[in-house]
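The values are calculated or read from the model by the stated rules, or taken from the named source; none is laboratory data. Bear in mind that the values here come from a model prediction, so they are computed numbers and not experimental data. No Cβ is skipped: glycine too gets one built from the backbone with ideal geometry, and neighbour counts run over all protein chains shown. All accessible areas refer to the heavy atoms of the entire protein, side chains included, with ligands and DNA or RNA removed. Shrake-Rupley method; radii C 1.70, N 1.55, O 1.52, S 1.80 Å.
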Amino acid sequence: MPALTEWRVPPANQPRAGDYGFDLDRALASVVGLHAIVPPDAFSAETLGTERAGNGVVIDHGLVLTIGYLITEAESVWLHLGDGRVVEGHALGFDSETGFGLVQALGELDVEPLPLGRSAEAGIGDRVVVGGAGGRTRSVASQIVAKQEFAGYWEYLLDEAVFTYPAHPNWGGTALLNERGELIGIGSLQLERERDGKAEHVNMVVPIDLLKPILDDLRKFGRVNKPARPWLGLYSTEIDNRLVVIGISPNGPAARAELKTDDIILAVNGDKVTSQTAFYKKMWALGTAGVDVPLTVYHQGVTFDVTVTSTDRFKLLKAPKLH
């Protein structure tokens, strides 16, 4: 099994044990490296790759919380521990609404779980640690710079995501620790924002409070036990208050309805939309996966109506291999 890439966070950005009122090294020992292998014919292989590496956090005996895109359709998962051991894992569950993923270790981790805090109590300006596998040299002393809505181009919406700066360079699955050493989020993305005329990188973190209502379902069923949201399989962005299609997922509903890149979505079920947020909320309000989604679309001078029959994204994913 290849070792995860050797690298270090610049010393100026590393957390120092004396700056925190909890045992920093002990808390960071709960963050493990994660390496997943995905079959080349998997639905997500083209967009996310067949070999994915990041981080995960031990939250219960043998249970590792990570960001779901690292383990979606994984046929094998390996957990890299701080003492050099590598333990096989099983992709246990994934929730597309929050983005969380769960891995069950198939061997003894002998790692103390991190306690879960309350992300709702975290405030802008709070000092936090964005913890990566490998301890302090792979972690970032950071602070919360925003708590706000986040809309992703892949039909994803968080009402309130957490944003941190400075950014962790290997953000996927990192542990967001508050000043009590509790886990209050899982790293998902690195984004660029403009501040004082300069571009700077921030991490987008999924708040841990979103995990608590769904954790039991993910452990028991591998997904949340409720009807899925409608999914169209299109990627979009906002340009000048217009919702522009920037990609179409192969074999998804939008592809079957012959939607194209550069289409502009004007309305959902007759209601005008100018943002991703409005688009998603109006689409999801129509019903559960399988519902027809009437769209008004503009393409190269022509406006037309098309009905896209949505689906449950999970139906297109390969089931994880059981051990």
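Things worth noting here:
- Contact map, the range 43-66: first residue in contact (Cβ under 8 Å) with a residue 24 or more places away in the chain and part of a helix (DSSP H, G or I), second residue open to solvent by 60 Å² or more (accessible area, probe 1.4 Å) and of a type outside the set (Asp, Glu), Cβ cut-off under 8 Å, separation 6 or more or different chains; pairs are 46/250; 48/69.
Okay, residues lined up against (1) among the hydrophobic types (A, V, I, L, M, F, W, C); (2) closer than 19 Å to residue 228 by Cβ; (3) in contact with a helix residue (DSSP H, G or I) (Cβ under 9 Å, 6 or more places away or on another chain):
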{"residue": "282", "(1), (2), (3)": "no, yes, no"}
{"residue": "288", "(1), (2), (3)": "no, yes, no"}
{"residue": "292", "(1), (2), (3)": "no, yes, no"}
{"residue": "296", "(1), (2), (3)": "no, no, no"}
{"residue": "302", "(1), (2), (3)": "yes, no, no"}
{"residue": "308", "(1), (2), (3)": "yes, yes, yes"}
{"residue": "312", "(1), (2), (3)": "no, yes, no"}
{"residue": "315", "(1), (2), (3)": "no, yes, no"}
{"residue": "319", "(1), (2), (3)": "yes, yes, no"}
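- Odd one out for residue 154 among (1) open to solvent by 10 Å² or more (accessible area, probe 1.4 Å); (2) in contact with a Ser or Thr (Cβ under 9 Å, 6 or more places away or on another chain); (3) part of a strand (DSSP E or B); (4) not small (Gly, Ala, Ser): (3)
- With respect to the conditions (1) within 21 Å of residue 69 (Cα to Cα); (2) surrounded by fewer than 21 Cβ atoms within 10 Å (Cβ to Cβ); (3) without any contact (Cβ under 8 Å) to a residue 24 or more places away in the chain, residue 244 falls short on a single one, namely (1).
- Only listed residue being in contact (Cβ under 8 Å) with a residue 12 or more places away in the chain, under 19 Å from residue 16 (Cα atoms), among the polar types (S, T, N, Q) and outside any strand (DSSP E or B), chosen from 137, 98, 164: 137
- Subset of the range 196-216 that is without any contact (Cβ under 8 Å) to a residue 60 or more places away in the chain and among the charged types (D, E, K, R) - its residue that is surrounded by the most Cβ atoms within 10 Å (Cβ to Cβ): 200
- Single residue of 287, 270, 252, 301 found to be open to solvent by less than 40 Å² (accessible area, probe 1.4 Å), on the phi > 0 side of the Ramachandran plot and not aromatic (Phe, Trp, Tyr): 287
- Yes/no for residue 77 being at negative phi, in contact (Cβ under 8 Å) with a residue 40 or more places away in the chain and open to solvent by 10 Å² or more (accessible area, probe 1.4 Å): no
- Residue count for the range 148-192 satisfying the condition of being over 22 Å from residue 14 (Cα atoms) and of a type outside the set (Ser, Thr, Tyr): 12.
Residues are listed down the side, and each one gets a yes or a no for (1) touching a strand residue (DSSP E or B) at 6+ places or on another chain (Cβ under 6 Å); (2) open to solvent by less than 10 Å² (accessible area, probe 1.4 Å):
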{"site": "20", "(1), (2)": "no, no"}
{"site": "32", "(1), (2)": "yes, yes"}
{"site": "36", "(1), (2)": "yes, yes"}
{"site": "49", "(1), (2)": "no, no"}
{"site": "53", "(1), (2)": "yes, no"}
{"site": "60", "(1), (2)": "no, no"}
{"site": "83", "(1), (2)": "no, no"}
{"site": "108", "(1), (2)": "no, no"}
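- Residue list for the range 111-129, filter: closer than 16 Å to residue 207 by Cα and either at pLDDT below 95 or of a type in the set (Val, Ile, Thr) (or both): 124, 128, 129
- Evaluated against (1) part of a helix (DSSP H, G or I); (2) more than 20 Å from residue 211 (Cα to Cα), residue 120 falls short on exactly one condition, (2).
- Against the numbered list (1) over 19 Å from residue 69 (Cα atoms); (2) surrounded by fewer than 18 Cβ atoms within 10 Å (Cβ to Cβ); (3) not hydrophobic (A, V, I, L, M, F, W, C), residue 182 comes up short only at (2).
- Scope the range 85-106; condition within 12 Å of residue 32 (Cβ to Cβ) and open to solvent by 30 Å² or more (accessible area, probe 1.4 Å); matching residues: 85, 86
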